[in-house]
Amino acid sequence: MEMRLQPVCAVRETCKCCGADAPPFGVVDFHKNCEILRRKVLGVSGVPIYYHRCPECGFLFTTAFDGFTTNDFRRHIYNDDYVLVDPDYRGDRALANADMLLSLFRAARPERVLDYGGGNGALAAHLRAAGFDDVKMYDPFVPEHAERPEGRFDCVVCFEVVEHSTDPEYTFADMCDFLDEPGLILFSTLLQPPDIECQGLNWWYAGPRNGHVSLFSPASLRMIVEPLGYGLASFNQNLHVLFREIPDFARHFLIPRDAHRYANYTTTVLAC
């Protein structure tokens, strides 16, 4: 008797960064979350979440939430239990990011700042209290911050957001639409470790319960931002900047290697 196995995920998905065919990479329970790094785990949900990884650019992603509406995300991901899988969301991360920005911009400050995807608004509040004159907040998943701000900004900050996006091409383009010229986008997302093939989805940052659906390699990050016409530089594996021209407030930490090519820059500050 012939046994016919039925696949429960697509044999391949189209990579959202470069368009290549991406085969399945692994599967985890929906409740897998980033707090396993601190030895905190949830029970098993019984819902399998499959991830694919692109063999060309290394982008690691799941399509399990591609059909979710904003309300679906609020119900299943960003609900009252979200703090169990991301306790730093309550305020510790915002305070640390505010301290980092105060240090980074100690020599000069951007005049108008947008906190893109800023959650509860704590970072924007910290920056205003520290003397940043014009700080706006935008997060479509938080009702009180879901209205799009008007105008453009000379600095857009976006901390721990892009890994939550089911459509990274749109998310980066949307951030760029807010940016004035010359301007700077400063964002964080943890890039895959060199041994991702060995770690697989045991990597702590691969957490569907946290909404981590798009996990970048260095190559995939370049693939998604370079068509937008922006140069990319990284302080480290987690903190990155986008720009076309270096704004005056960033000249003390961004130095061009080649004045004729915007995309070939390095940072003089490797830690903040």
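Descriptive notes on the structure:
- Hey, G200 more than 26 Å from D72 (Cα to Cα), touching a residue at least 60 places away in the same chain (Cβ under 8 Å), in a helix (DSSP H, G or I) and not basic (K, R) or not: yes
- Taken as a whole, the structure places R209 among residues that are in contact with a His (Cβ under 7 Å, 6 or more places away or on another chain), assigned to a helix (DSSP H, G or I) and either within 30 Å of I77 (Cα to Cα) or at pLDDT 95 or above (or both).
- Residue list for the stretch 18-37, filter: among the acidic types (D, E) and closer than 11 Å to P55 by Cα: D21
- Some residue of the stretch 59-70 being of a type in the set (S, T, N, Q), without any contact (Cβ under 8 Å) to a residue 12 or more places away in the chain, outside any loop (DSSP other than H, G, I, E, B) and within 20 Å of T171 (Cβ to Cβ): no
- Subset tally (residues that are at pLDDT below 95, part of a loop (DSSP other than H, G, I, E, B) and more than 25 Å from A107 (Cβ to Cβ)) for the stretch 212-236: 1
- Screening the stretch 69-106 for residues that are touching a Cys at 6+ places or on another chain (Cβ under 9 Å) and surrounded by 15 or more Cβ atoms within 10 Å (Cβ to Cβ) and picking the one that is farthest from S45 (Cα to Cα) gives F105.
- Residue that is nearest to I196 (Cα to Cα), among those in the stretch 4-46 that are outside any loop (DSSP other than H, G, I, E, B) and hydrophobic (A, V, I, L, M, F, W, C): F25
- Per-region count, the stretch 133-190, residues assigned to a helix (DSSP H, G or I), surrounded by 19 or more Cβ atoms within 10 Å (Cβ to Cβ) and charged (D, E, K, R): 1
- In the stretch 98-110 there is at least one residue matching the filter, namely being in a helix (DSSP H, G or I) and either closer than 23 Å to D29 by Cβ or among the hydroxyl-bearing types (S, T, Y) (or both).
- Residue in the stretch 107-120 that is more than 21 Å from L242 (Cα to Cα), modelled with pLDDT under 95 and either loosely packed, with under 14 Cβ neighbours inside 10 Å or out of contact with any strand residue (DSSP E or B) (no Cβ under 7 Å at 6 or more places or on another chain) (or both) present: yes
The values are calculated or read from the model by the stated rules, or taken from the named source; none is laboratory data. Given the structure is predicted, the values throughout are model-derived calculations rather than measurements. Cβ coordinates were reconstructed from backbone atoms using ideal geometry, including for glycine residues, and neighbour counts include every protein chain displayed.
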